[in-house]
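The values are calculated or read from the model by the stated rules, or taken from the named source; none is laboratory data. Note that this is a predicted model, so its numbers are computed, not measured. Glycine gets a Cβ as well: all are built from the backbone with ideal geometry, and neighbour counts include every protein chain shown. Heads up: the accessible areas ignore ligands, DNA and RNA and are worked out on the full protein's heavy atoms, side chains in. Shrake-Rupley method; radii C 1.70, N 1.55, O 1.52, S 1.80 Å.
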Amino acid sequence: DTIKSIMNEISIRNYNSDTDYSGVLALYKNSSTYGGQYDGARDSEKRLRRLSSTNPSKILVAELEGDIVGTVTLFEDGRSAWLLRFAVQKEYEDEISKKLFKMAENTLKEMGHTQVLVYSPVNDKTLEERYTNLGLHKGNDYTAFWVDLS
């Protein structure tokens, strides 16, 4: 009954660039939510504001009792769709992840997508379990390459 109650109390909504940055930033920087994934080149307040202003449903947040307890960014370009920065507070992780994923899935379906992908660090059993439990299939391991554009 506690789990059902928590599921009902978790709300999923679009990111509000005026009020949500500090809560989302805390999740990005918390190594227990997904390896401490904050990256100043991608996750600055200005970048999140710009992304959410182009399409408010691109960044979703999960809220419980007034606190931001999860977030996911929907990246899509008309050709493919990805879930990025899928950061979730450890307490009630399964419930928060399920609700966030369902909203992301519905949003991407409305955009015409029939598949969504998500990256996960290699050999992270916790995240592998999360994504498997959400119904995602494990693909091959890849290494990302990058360069600063200066």
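Some values worked out for this structure:
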| quantity | calculated |
| --- | --- |
| Only one of E105, E76, E110, E95 that is under 19 Å from I6 (Cβ atoms), of a type in the set (D, E) and over 11 Å from the mean Cα position of the chain (by Cα) | E95 |
| Residue match in the range 3-13 (condition: under 13 Å from the mean Cα position of the chain (by Cα) and not basic (K, R)) | yes |
| Condition check for L136: assigned to a helix (DSSP H, G or I), on the phi < 0 side of the Ramachandran plot and either surrounded by fewer than 12 Cβ atoms within 10 Å (Cβ to Cβ) or out of contact with any Lys or Arg (no Cβ under 7 Å at 6 or more places or on another chain) (or both) | no |
| Members of the range 97-120 found to be β-branched (V, I, T) and open to solvent by 70 Å² or more (accessible area, probe 1.4 Å), listed by number | T114 |
| Answer residue from the range 1-15, given it is charged (D, E, K, R) and under 20 Å from Q89 (Cα atoms) and is surrounded by the fewest Cβ atoms within 10 Å (Cβ to Cβ) among those | K4 |
| Options D94, D39, D77: the member that is closer than 21 Å to H137 by Cβ, open to solvent by 40 Å² or more (accessible area, probe 1.4 Å), at pLDDT below 95 and not hydroxyl-bearing (S, T, Y) | D94 |
| Residues of the range 58-73 satisfying the condition of being within 17 Å of V118 (Cα to Cα) and not aliphatic (A, V, I, L, M) | K58, G70, T71, T73 |
| Any hit, the range 55-63, residues being open to solvent by 30 Å² or more (accessible area, probe 1.4 Å) and part of a helix (DSSP H, G or I) | yes |
| Of all residues making up the range 16-36, the number that are open to solvent by 40 Å² or more (accessible area, probe 1.4 Å) and not in a helix (DSSP H, G or I) | 5 |
